[in-house]
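Chemist: This is the structure, below, for whatever I ask next.
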Amino acid sequence: MTSIDIPEAPSRRSALLGQLLGAGALKKAIVLVLLCVAWEATVRLLHVNKLLFPPLSDVAVRLARGLGLGAGASGELWGYIWETLSVILQSFAISIVIAIVVTGLAVSNRWMREVLSVMTGIFQPLPSIALLPMAILWFGFSRDSLVFVVVMAMTWPIASSLTVGFATISPTLLRLGRNYELGRFSMMTQILLPAALPMMISGLRVGWGFGWRTVVAAELVFGATGSGGGIGWYINNSRLFMNISDGFAGILLVIIVGLLTESLFRLIQYFTTHKWGTESF
Amino acid sequence: MVAVPSRVQSDPRSDLVEIDRVSIAFPRSRGRGTVVAVQDVSVSIRRGEKFVILGPSGCGKSTLLTAIGGFIPVTSGEIRVHGKPVKAPTMNRVLVFQDFGQLLPWRTVLGNIEWAVARRWPRYSSAECKARSMQYVELVGLGPQAEQYPNTLSGGQKQRCAIARAFAVEPEILLMDEPFGALDAINRERMQFELNRVWAAESERVTIAFVTHDVNEAVHLGHRVMVMSRGPGRLRALVDNPSVGRPPHDGAALKLVDELRELLKDPS
Ligand SMILES: Nc1ncnc2c1ncn2[C@@H]1O[C@H](COP(=O)(O)OP(=O)(O)OP(=O)(O)O)[C@@H](O)[C@H]1O
Ligand SMILES: [Mg+2]
């Protein structure tokens, strides 16, 4: 909560904007502009080899063309980014289901709780990209391999924050649920999940971050072997064909998509836990 | 023990809740052994009465009430409702908890009540649910706050919302744990008045067990007052209250207030 930053009651609209951008948005924007200027100036003034490190303006042009802006633009980046997004979205859905089922079982069963705690302990510190060679062995150079490593990256952080979320639910709310004769399933959907939502959102956020990094990295590895087709593969290809501006454009796009999804999580928070006053961070 | 003013005649036919030699102990947090919260309490709550449990802090009032609700098991003895042992909570015995965290934070004031009403009568249309809920929101004076989320309410407002929710589902037995503790004097009197009124309006069908440590409140509300003493929670006295519902300055009522105060003070 950043209540200290807000001197007086903000209007509803600026509150929403603040939630989307985070604190100190103006200062951040200024820093960002300065960084861009520094990049452009350094490359041009020091006469850096453009093949190795292109100026920002070149990269921006490549990015715009890749996104289909301007005359004769290809718009090819949309296809690559969509390929990557579809992998991560599918993995995200799978991970959420696994995490909910596993923690749901762990809530009611002592042994499942230990199993989950050990599994989380083992897999959370492991960068799941390390599993890619095995995944390739099992699933080949296919989309399944990507989904497998990304699911392994996302499931554990989601499950562990969900566990914390469930463990910290007020006993009074559980009693309330019992008083109104909720069964196992309704207890889950009407009390446990909404009450754990603040922790769940932060888990999803962390999970998504892990997944995003993992999927791009995995595609880079795939790129080296010549199959695949996501944004990581595109970045790697730019090196092969010495189109280094394209590579930078790809990297910028990876960053932009990361920032956009971050805003999306903030937006979800604004309309749920922020409104209910149960926000956990 | 002091002379117990037991002017209560037992009538088994009207007993709705029978508390039969009940003891409740909790395991101590570390090591072995237990904390006895309620010891050997036997008392019956009659159908349609307002029954007050009065006692100092920590004497086991909440524990006893929660056990009547079926939320915690008794260590020995038995609690029966309609002659059947209490096993689990039901919507027929709704508990208004002592703490403020009993509202669903993700539902508005009205939404909390609608949720309960919809649980109670799944066949209700959402319009019927809403109409009924709104009626109870107004009853506790939360009309202007109906669309607010609980985190924007004061402690007293939260408690009033919880009370409205409990009334709205028309339980056979209403268990209230110091429900007016967080209210200011005016609202407290108003809610006491409303409680008496709602109870009368339900043609006295609803049975209310009410926990308090306020002697005046006990005399204003309770047909009978059960006094508990600490160390560990025992039944100290069971007092008939003919002046229930009378204004607080009524002579007979004041006399009973003094009597109860003495019972609470006396350390034996
Ligand atoms: N879950 C628990 N575990 C261990 N001891 C408990 C537990 N709940 C209550 N106790 C103990 O039982 C005794 C009675 O508690 P209880 O909450 O019933 O008191 P009370 O009469 O409701 O007090 P108050 O008026 O302050 O609410 C206390 O000594 C308390 O410490
Ligand atoms: Mg209590």
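The values are calculated or read from the model by the stated rules, or taken from the named source; none is laboratory data. Remember, predicted model here, so these are calculated numbers, not experimental data. FYI the Cβ positions are ideal-geometry reconstructions off the backbone, even for glycines, and counts take in every protein chain you see. Accessible surface areas use protein heavy atoms only, side chains included; no ligands, DNA or RNA. Shrake-Rupley method; radii C 1.70, N 1.55, O 1.52, S 1.80 Å.
Chemist: What's the magnitude of the charge dipole for the protein assembly as shown around its Cα centre, counting Lys and Arg as +1 and Asp and Glu as -1 at the beta-carbon? Answer in Debye, nearest 20. Write down the numbers at each step before the final one.
Modeler: Values: 54 positive and 42 negative charges, 100 e Å.
Value, rounded to 20: 480 debye.
Chemist: Where the only charges are on Cβ atoms (+1 Lys, Arg; -1 Asp, Glu), what is the dipole of the stretch B:118-172 about its Cα centre, to the nearest 20 debye?
Modeler: Roughly 140 debye, rounded to the nearest 20.
Chemist: When you look at the Cβ of every residue in B:104-110, what mean number of other chain Cβ atoms sits within 10 Å?
Modeler: 5
Chemist: Could you work out the percent of alpha carbon pairs in the stretch A:116-167 separated by over 18 Å, rounded to a whole number?
Modeler: For the stretch A:116-167, the share of Cα pairs beyond 18 Å comes to 36 percent.
Chemist: Given H placed 1.01 Å from N in the peptide plane, which residues other than close sequence neighbours of B:Ala37 have an amide H under 5 Å from its amide H?
Modeler: B:Ile24, B:Ala25, B:Phe26
Chemist: With only Lys, Arg, Asp and Glu charged, each at its Cβ (+1 for the first two, -1 for the last two), find how big the charge dipole of chain A is about the Cα centre; round to the nearest 20 debye.
Modeler: The calculated dipole for chain A is roughly 400 debye.
Chemist: Restricting to Cα pairs below 8 Å that are 6+ residues apart, what does the relative contact order work out to for chain B? Please round to a whole percent.
Modeler: Rounded, it is 26 percent for chain B.
Chemist: Across peptide A:67-79, what mean number of C-beta atoms from other chains lies inside 10 Å of a residue's C-beta?
Modeler: 0
Chemist: Over the residues of the protein assembly as shown, compute the C-alpha Rg and express it relative to 2.2 N^0.38 Å.
Modeler: 1.32
Chemist: Could you work out the local net charge near A:Leu162, counting Lys and Arg as +1, Asp and Glu as -1, over the other residues with Cβ closer than 13 Å to its Cβ?
Modeler: Net local charge, A:Leu162 excluded: +2.
Chemist: Taking the Cβ of A:Gly104 as the center, what net charge do the other residues with Cβ under 12 Å away carry, scoring Lys and Arg +1 and Asp and Glu -1?
Modeler: It works out to a net charge of +2.
Chemist: Give me the lysines in straight-line cross-link reach of B:Lys50: C-alpha distance below 16 Å, same-chain residues under 8 apart excluded.
Modeler: B:Lys61
Chemist: Could you pull the accessible area for B:Glu259 with a 1.4 Å probe, rounded to 10 Å²?
Modeler: B:Glu259 exposes around 60 Å² with every protein chain in place.
Chemist: Looking at A:Pro157, A:Asn236, A:Leu89, which one has the Cα that reaches farthest to the positive end of the dipole of the stretch A:78-276 (charges on Cβ: Lys, Arg +1; Asp, Glu -1)?
Modeler: Positive-most Cα among the choices belongs to A:Pro157.
Chemist: A:Tyr234 accessible area, nearest 10 Å², 1.4 Å probe?
Modeler: 20
Chemist: Test of understanding: what is the full-extension gain from A:Cys36 to A:Ile94, defined as 0.36 nm times their sequence separation minus their Cα-Cα distance?
Modeler: That works out to 17.1 nm of additional length.
Chemist: At 7 Å along Cα-to-Cβ for each site, give me the label-to-label distance between A:Asn49 and A:Arg184 in nm.
Modeler: Simple spin-label model gives 6.5 nm for this pair.
Chemist: What residue among B:Pro232, B:Trp199, B:Thr212 has its Cα farthest toward the positive end of the dipole of the stretch B:183-239, where the charges are +1 on Lys, Arg and -1 on Asp, Glu, each on the Cβ?
Modeler: My answer, from the dipole projection, is B:Pro232.
Chemist: On a full-extension model of 0.36 nm per residue, what is the gain between A:Gln124 and A:Ser86, subtracting their alpha-carbon distance, rounded to one decimal in nm?
Modeler: Working: separation 38, 0.36 × 38 = 13.68 nm, distance 2.35 nm.
Going from the current span to full extension adds 11.3 nm.
Chemist: Over chain B, what portion of Cα pair distances is larger than 34 Å, expressed as a whole percent? Walk me through the numbers before you get to the answer.
Modeler: On the way: 6490 of 35778 pairs.
Value for chain B (Cα pairs over 34 Å): 18 percent.
Chemist: Counting only protein heavy atoms and a 1.4 Å probe, tell me what percentage of the stretch A:25-64's accessible area is made up of carbon and sulfur.
Modeler: Numbers: 2370 of 2940 Å².
Using a 1.4 Å probe with all protein chains present, the stretch A:25-64 comes out at 81 percent carbon and sulfur.
Chemist: Taking a cut-off of 18 Å between Cα atoms, list the aspartates and glutamates near B:Lys158, but don't count ones fewer than 8 places away on the same chain.
Modeler: Qualifying aspartates and glutamates at Cα under 18 Å: B:Asp99, B:Glu114, B:Glu138, B:Glu147, B:Asp177, B:Glu178, B:Asp184, B:Glu189, B:Glu194.
Chemist: When N is the residue count of chain A, what does its C-alpha Rg come to as a fraction of 2.2 N^0.38 Å?
Modeler: Here the answer is 1.19, to two decimals.
Chemist: Here's a follow-up. Please enumerate, by chain and number, the lysines with C-alpha under 30 Å from the C-alpha of A:Lys27, excluding those fewer than 8 residues away in the same chain.
Modeler: Once the sequence-local lysines are set aside, what remains near A:Lys27 is A:Lys275.
Chemist: Skip the ligands, DNA and RNA, and give the accessible area per residue of the stretch A:78-276 with a 1.4 Å probe, whole Å².
Modeler: 46
Chemist: Rounded to the nearest 500, what is the protein assembly as shown's calculated 222 nm mean residue ellipticity when only DSSP H runs of at least 4 contribute -39500 (n - 2.57) each, over all residues?
Modeler: Details: 19 runs with 294 residues, N = 549.
Dividing the helical sum by the residues of the protein assembly as shown leaves -17500 deg cm²/dmol.
Chemist: Quick one: if you stick a label point 7 Å off each Cα along the C-beta vector at B:Ala127 and A:Leu252, how many nm between them?
Modeler: Distance between label points: 5.7 nm.
Chemist: Using only protein heavy atoms and a 1.4 Å probe, report how much of B:Asp177 is accessible, in Å² to the nearest 10.
Modeler: About 10 Å², rounded to the nearest 10.
Chemist: Measuring with a 1.4 Å probe in the full set of protein chains, what accessible area per residue, in whole Å², belongs to the stretch B:46-151?
Modeler: Spelled out: the 1.4 Å probe surface of the stretch B:46-151, per residue, equals 41 Å².
Chemist: How many square angstrom of accessible surface are buried between B and A, both sides summed, with a 1.4 Å probe and rounding to 100?
Modeler: Between B and A, the summed buried area is about 2100 Å².
Chemist: To the nearest 10 degrees, how steeply does helix B:126-139 sit against the main Cα axis of chain B, on a 0 to 90 scale?
Modeler: Helix B:126-139 sits roughly 50 degrees off the main axis of chain B.
Chemist: How far apart, in nm, are the 7 Å Cα→Cβ label points at B:His82 and B:Ile186?
Modeler: 4.3
Chemist: Now, a different point. Taking all protein chains as present, what is the carbon and sulfur share of the accessible area of chain B, in % to the nearest whole number, probe 1.4 Å?
Modeler: 52
Chemist: Using a 1.4 Å probe on protein heavy atoms, which residues of the stretch A:262-281 have at least 30 Å² less accessible area in the complex than alone?
Modeler: Listed by number, the residues meeting the 30 Å² cut-off are A:Lys275, A:Trp276.
Chemist: Moving on to the next point. Taking Cα pairs under 8 Å and at least six residues apart, what relative contact order does chain A come out at, in percent?
Modeler: 23
Chemist: Let me ask something else about it. Using +1 at the Cβ of each Lys and Arg and -1 at the Cβ of each Asp and Glu in chain A, identify which of A:Gly140, A:Trp212, A:Ser57 lies farthest towards the dipole's positive end.
Modeler: A:Trp212
Chemist: Any residues in the stretch B:66-97 that have 30 Å² or more less accessible area with all protein chains than in their chain alone, probe 1.4 Å, and which are they?
Modeler: Buried on complex formation: B:Phe71, B:Pro89, B:Met91, B:Phe97.
Chemist: Additional query: I want the local charge near B:Val117. Using Cβ-Cβ distances under 9 Å, sum +1 for each Lys or Arg and -1 for each Asp or Glu among the other residues. All intermediate terms of the calculation are to be shown ahead of the outcome.
Modeler: Details: positive: B:Arg119, B:Arg120, B:Lys130, B:Arg132, B:Arg165; negative: B:Glu114, B:Glu128.
Taking every Cβ under 9 Å from that of B:Val117, the sum is +3.
Chemist: For peptide A:170-178, compute the average count of partner chain beta-carbon atoms within 10 Å of each residue's beta-carbon.
Modeler: For this peptide, the per-residue mean of nearby foreign Cβ atoms is 6.
Chemist: Quote the FRET efficiency, to the nearest 0.05, computed for B:Glu138 versus A:Trp78 with a Förster distance R0 of 60 Å and r equal to the Cβ-Cβ distance. Don't skip to the answer; put the middle values down first.
Modeler: Details: r = 55 Å, r/R0 = 0.92.
The computed FRET efficiency comes out at 0.60.
Chemist: Still on this model: As a test of the definition: which semi-axes, in Å, follow for the stretch A:241-281 when you take the square root of five times each eigenvalue of its alpha carbon gyration tensor? Largest first, please.
Modeler: 36, 7, 4
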